[in-house]
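Undergrad: First, the structure itself, so that you have it in front of you.
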Amino acid sequence: MIENPSNWAGNYTYRAAQFHQPQTVEQIQELVVHSNKLKALGTRHSFNDIADSAGDLISVEHLNQIVGLDRERSAVTVEAGVRYGQLARWLHREGYALHNLASLPHISVAGACATATHGSGDRHGNLATAVSALELVTANGELIPLSREKNGEQFRGAVVGLGGLGVITKLTLDISPTFEMRQDVYENLPLAELEDHLDELFSSTYSVSLFTDWRNSSFNQLWLKRDISDNAPIKLDPELFGATLARSHLHPIATLSAENCTEQMGISGPWHERLPHFRMDFTPSSGEELQSEYLVPRQHALEALQVIDRLREDIAPLLQISEVRSIAADDLWMSPCYKQASIAIHFTWKKDWEAVQTVLPLIEEKLAPLSARPHWAKLFTMSPTHLQSLYEKLPDFRQLLQDYDPHGKFRNAFLNQYIFENS
Ligand SMILES: Cc1cc2nc3c(=O)[nH]c(=O)nc-3n(C[C@H](O)[C@H](O)[C@H](O)COP(=O)(O)OP(=O)(O)OC[C@H]3O[C@@H](n4cnc5c(N)ncnc54)[C@H](O)[C@@H]3O)c2cc1C
């Protein structure tokens, strides 16, 4: 039983009547058969009620084994509750890497993929794009396999499944040979520089992140993560697009210690100790926070940033830090990057929902003409009707959920509102 049924940030208390922590797949099957309403729970890092259920919550945290490495197919299979940090260390020891990681390594593979969690990088899709197969317990308790190879469209609908198809017990992910990276940080990049250099900037290294507190029209920090496995000599310019190379390690929130952050200053290290911003053994981000994020099609990136810049006076007082990242297009139905390369504008807010919920509609209204899609696992206020209009595959996804779960066992308030309302 979970003692304190709230999410990681503590801003949401789960309303489920019962919490379960099964040790085996058979126990999950048993729970699914005997429950009328339930939902799987990962590491509880989502900020809204997406993971909740009116009935039972099934934590998959004890399904935490790495099942196998297939060197021939460049694939690793893990149980659903494995965290990226655990997997990444293991893969690196075996000589392998994942294509990308989120800002923190603490989240579960199943939970992260279910919400299309992403890192940054023009050439890298979100984390769910690495999934090549999965196993899930469906509403009647059956354990079924689904794969990219055999199940085509259905699979592409199931991967970013928002927990609606069943309880995922295992996932297989694409891997590649391990590689070394370095991370360099620049300070004070004027927003105006992006007018001519946005594409150049985001394509300049493996992964690029911009951080700003929106107190003026510039980015406080630019984080560049480089793949250095080719050993090519790198000569860093002390100035880049008007920004200056940092001379010490920095936390994205300037007032916090950089101790929690992955190594910067060009020091080389394995991919999994550079791709996340935060170290596995420390608290990620600030801890006392709320988060929202909007993904806009790449071609609207500059306009979206200018729109947010014009809302600075509303945003800045409530903000801890904002981050801008790029993500490649994919073909997963419910991914915010479905068929569109995207720029994600993220907000780490102060923990003051009353105030934050007054500014989100302003942001959403201004970003609406740019087709901004909210991150599924973060806080947003847009209407279900508007959200639904942003996903061309939504009718197919609804049908898929109905086929897998005809009596709505895995439906919760979130799915009823954002997926099924108006249907
Ligand atoms: C500090 C912090 C930093 C973050 N950084 C990023 C970031 O860099 N990029 C980004 O995109 N997001 C980021 N997020 C958001 C985070 O990645 C998502 O909330 C993600 O879903 C968390 O995974 P989880 O295991 O905690 O999922 P949970 O919150 O536990 O669950 C999320 C969803 O997954 C479903 N689910 C979980 N396990 C299963 C399963 N076994 N079978 C079926 N469905 C399942 C749940 O039902 C629910 O719908 C961050 C969040 C925090 C708190």
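Computed from the coordinates by the stated procedures, all read-outs in this text should not be read as laboratory data. For clarity, every value in this text was computed on a predicted model and none was experimentally measured. FYI the Cβ positions are ideal-geometry reconstructions off the backbone, even for glycines, and counts take in every protein chain you see.
Undergrad: Using the alpha-carbon atoms, what tilt in degrees (0 to 90, nearest 10) does helix 148-158 show relative to the longest principal axis of the chain?
TA: Roughly 80 degrees, rounded to the nearest 10.
Undergrad: Of all the Cα-Cα pairs you can form in the stretch 172-217, what percent are over 15 Å apart?
TA: Within the stretch 172-217, distances greater than 15 Å cover 59 percent of Cα pairs.
Undergrad: Among all the lysines, which ones have a C-alpha under 26 Å from Lys378's C-alpha, if same-chain residues fewer than 8 places away are not counted?
TA: Lys37, Lys39, Lys170, Lys225, Lys339, Lys350, Lys351, Lys366, Lys393, Lys409
Undergrad: For the stretch 1-62, compute Rh as the Kirkwood radius over C-alpha pairs and then the Stokes-Einstein diffusion coefficient at 25 °C and 0.890 mPa s; write the answer in µm²/s, rounded to an integer.
TA: This corresponds to a translational diffusion coefficient of 210 µm²/s.
Undergrad: Could you run the Debye sum over the Cα atoms of the chain, one equal point scatterer each and no solvent, and tell me log10 of I(q)/I(0) at q = 0.07, 0.08, 0.10 Å⁻¹, two decimals?
TA: Calculated log10 I(q)/I(0) at the listed q: -0.31, -0.41, -0.65.
Undergrad: Whole-Hz Karplus ³J(HN,Hα) for the stretch 30-37, in order, using 6.51 cos²θ - 1.76 cosθ + 1.60 and θ = phi - 60°, x for Gly and Pro?
TA: 4, 4, 5, 4, 8, 10, 8, 9
Undergrad: Moving on to the next point. Once both labels are modelled 7 Å past Cα along the beta-carbon direction, what's the Gln402-Leu236 spacing in nm?
TA: Going by the 7 Å Cα→Cβ label model, 5.5 nm.
Undergrad: Per residue of the stretch 355-363, what does 6.51 cos²θ - 1.76 cosθ + 1.60 with θ = phi - 60° give for ³J(HN,Hα)? Whole Hz please, x for Gly and Pro, Karplus curve as stated.
TA: 6, 4, 6, 8, 8, 4, x, 5, 4
Undergrad: For the stretch 113-183, list log₁₀ I(q)/I(0) at each q in 0.27 Å⁻¹, using the Debye formula over Cα point scatterers of equal strength and ignoring solvent, two decimals each.
TA: -1.33
Undergrad: Taking amide H atoms as placed 1.01 Å from N in the peptide plane, list the residues 5 or more away in sequence, or in a different chain, whose amide H sits under 5 Å from that of Gly125.
TA: Answer set, sorted by chain and number: Ala328.
Undergrad: Ok, one more. Please work out the Cα center distance from the stretch 382-423 to the stretch 1-63, rounded to the nearest Å.
TA: First find each Cα centre; the distance between them is then 20 Å.
Undergrad: Using θ = phi - 60° and the Karplus form 6.51 cos²θ - 1.76 cosθ + 1.60, what ³J(HN,Hα) does each residue of the stretch 98-108 get, whole Hz, x for Gly and Pro?
TA: Once rounded to whole Hz, the list reads 8, 6, 6, 9, 6, 5, 10, x, 7, 7, 6.
Undergrad: Pairwise over distinct Cα atoms, reciprocal of the mean inverse distance: report the Kirkwood radius of the stretch 299-423 in Å, one decimal place.
TA: 15.9 Å
Undergrad: Give me the net charge for the shell around Asp213: Cβ to Cβ below 13 angstrom, other residues only, Lys and Arg +1, Asp and Glu -1.
TA: -1
Undergrad: Can you tell me the orientation of helix 394-404 relative to the chain, as the angle in degrees between its alpha-carbon axis and the longest Cα principal axis, to the nearest 10?
TA: The two axes meet at around 40 degrees.
Undergrad: For the stretch 103-259, what are the per-bin percents of Cα-Cα distances with bins 10 Å wide, up to the bin holding the maximum?
TA: Spelled out per bin, shortest first, that is 9, 30, 26, 20, 12, 2, 0.
Undergrad: Using the alpha-carbon atoms, what tilt in degrees (0 to 90, nearest 10) does helix 301-310 show relative to the longest principal axis of the chain?
TA: 80 degrees
Undergrad: Can you quote the Å³ per residue value for the convex hull of the Cα atoms in the stretch 80-159, rounded to an integer?
TA: About 116 Å³ per residue, rounded to a whole number.
Undergrad: When the distances between all Cα atoms of the stretch 178-314 are binned every 5 Å from zero, what whole-number percent does each bin get?
TA: 2, 9, 18, 22, 20, 17, 10, 2, 0, 0
Undergrad: Enter the per residue convex hull volume of the stretch 255-294, computed from alpha-carbon coordinates, in Å³ rounded to the nearest integer.
TA: 112 Å³
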